[in-house]
Amino acid sequence: MSRAPAPAPAVELVFVGSELLAGQVNTHQAWMSSRLRAAGLTVTGAASVPDDRAAIAAALRRAAGRAALVVACGGLGPTFDDLTREATAAAFGRTLRFDPRLWRVIERRFRRFHARVPEENKRQAEVLSGAEVLANPNGSAPGQVLTATAGGRRVPVFLLPGPHPEMAPLFLKAVRPRARRLVRGGFASWSARLVGVPESVADELLAPVRAAFPEASYTILASGGEISFHATVRGASAAAARGTRARLRRAALAAVGRWAYGEDDDTLDAAVGARLKARGLTLAVAESCTGGLVGGRLTAVPGASAWFKGGVIAYADAVKRRALKVPAAVLARRGAVSAECAAAMARGARASAGAAVGLAVTGIAGPGGARPGKPVGTVFIAVSGPGRRERARRLALHGSREEVRRRSASAALALAWESLA
């Protein structure tokens, strides 16, 4: 009889900061969750709490009572509203002590920047009784980890600083290895990255795969015109889980076919760059409604200088005419938001930069600007090259101004990726 795989350990996340309840987007949650899932754990809860000692303590107690591991993020700074240390002490009956050695580390950091150490930074040298200090080389707020007792269980509770450049290295170095030790049996994870297909269609295509591999858990996410399909396989052993993952991967890629541009941590931007590099081609962009989003994404790819020539942000019609040589007759007869204008912009970007491929986007991001036959969300994208090939596509997008802009950028990159196949 085969041994049933052990269930995935549960992790709960607590994010501290009143700003998270006042409109600031919490990007840490998705970042942590994806890495915990890849390590074989399941995030079963996430809470955002204000800078309030009682609220933080209550959230930590609830999380520790339900999970095998807790990660709290934020509230470790030196100011009056950084209350995570005090709240954790109250939640688990701990005391805080001042650590002179830790204070000297903080002082040395300030001296490197030729800055005076404010007296209030001494709060960052307070350590919970029984806790281990997690050195933070990227900031003055050290992390801490303690083993709390909740419901008769011993639960690791990690306290991490809020800024991403400080949080991420500590998470990868301290949290993830400890989390992996909680996993029993084998696990293996895999993701497919899709573009150019609606989420509902992708879900329908992948439904037979989910039915064929019920031992895996799945999520499918849509963001900015792209789709991520995640699968986590649990097995009696690591080898069994990897074998199932390999079969699942083959079945999923066969199901989604041409829509898959990458796997796991691949990005559409890097996928475009990889195809350009493989063919020895270069690319230039012309952007109107996206205002540089396409070029920004491409230049964020390491090594982009090998295949990205540059771009023109041509918001005004006069700039389209002068910088991209869009014919005045096209603008007069068809308008700046048209397939003809997008194609001319792509040709202009290609010619002005001396690139093998030109990519363009023009449209109405809203909330104003709608015209007869061209409502808000009307966007045209076009690609010129390689060679004499040329393609233009009309999009009808929905959502806020920023959503239309992000989806337009993804659609333009998807068109470039398809054209380079």
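The values are calculated or read from the model by the stated rules, or taken from the named source; none is laboratory data. Source: prediction; values computed, not measured. Using ideal geometry, Cβ is built from the backbone for each residue, glycine included, and neighbour counts are taken over all protein chains shown. Heavy atoms of the whole protein, side chains included, go into the accessibility calculation; ligands, DNA and RNA do not. Shrake-Rupley method; radii C 1.70, N 1.55, O 1.52, S 1.80 Å.
Treating the beta-carbon of each Lys and Arg as +1 and of each Asp and Glu as -1, no other charges, what is the dipole magnitude of region 29-126 about its Cα centre, to the nearest 20 debye?
Result for region 29-126 is approximately 460 debye, rounded to the nearest 20.
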Under Stokes-Einstein, with the Kirkwood radius over Cα pairs standing in for Rh, what whole-number D in µm²/s applies to region 1-109 at 10 °C and 1.306 mPa s?
102 µm²/s
Surface accessible to a 1.4 Å probe, per residue, for the residues of region 28-129, Å²
47 Å²
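Summarise the accessible area of region 1-112 (1.4 Å probe, protein heavy atoms) by the percent that is carbon and sulfur.
It is 55 percent, rounded to a whole number.
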Report the accessible area of Asp51, computed with a 1.4 Å probe over the heavy atoms of all protein chains in place, in Å² rounded to the nearest 10.
40 Å²
Which value in deg cm²/dmol, rounded to the nearest 500, describes the helix-derived mean residue ellipticity at 222 nm for the chain, given -39,500 (n - 2.57) per DSSP H run of n ≥ 4 and division by the residue count?
-11500 deg cm²/dmol
Would you mind computing, in nm to one decimal, how far apart the modelled labels at Ala135 and Lys122 are, each placed 7 Å from Cα along Cα→Cβ?
2.5 nm
In debye, nearest 20: dipole of the chain around its Cα centre with unit charges on the Cβ of K, R (+) and D, E (-)?
1140 debye
For region 116-158, Kirkwood radius (reciprocal of mean inverse C-alpha pair distance, Å):
11.9 Å
Per-q log10 I(q)/I(0), region 281-381, q = 0.14 Å⁻¹ (Debye; single scatterer per alpha-carbon; no solvent):
-0.49
Under 8 Å for C-alpha pairs, at least 6 residues apart: give me the relative contact order for region 118-215, rounded to a whole percent.
15 percent
Quantify how much of the Cα-Cα distance distribution of region 22-75 extends past 14 Å, in percent.
58 percent
Qualifying GluC sites (Glu not before Pro) in region 119-225, DSSP loop, other Cβ atoms within 10 Å at most 16:
Glu215
How high is the relative contact order of the chain, in percent, with contacts defined as C-alpha pairs under 8 Å that are six or more residues apart?
11 percent
Apply the Kirkwood formula to region 131-226: the hydrodynamic radius equals the inverse of the mean of 1/r over all pairs of different alpha-carbon atoms; give it in Å with one decimal.
17.1 Å
Straight-line reach from Lys277: which lysines have a Cα under 21 Å away, not including same-chain ones fewer than 8 places off?
Lys309
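From largest to smallest, what semi-axes in whole angstrom does the chain give when each is the square root of 5 times an eigenvalue of its alpha carbon gyration tensor?
Here the semi-axes work out to 46, 29, 19 Å.
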Where only protein heavy atoms count, and the probe is 1.4 Å, what is the accessible area per residue for region 154-289 in Å²?
44 Å²
Leaving out ligands, DNA and RNA, and with a 1.4 Å probe, what % of the accessible surface on region 155-288 is carbon or sulfur?
54 percent
Suppose every K and R has +1 on its Cβ and every D and E has -1 on its Cβ; what is the size of the dipole of region 12-68 about the Cα centre, in Debye to the nearest 20?
280 debye
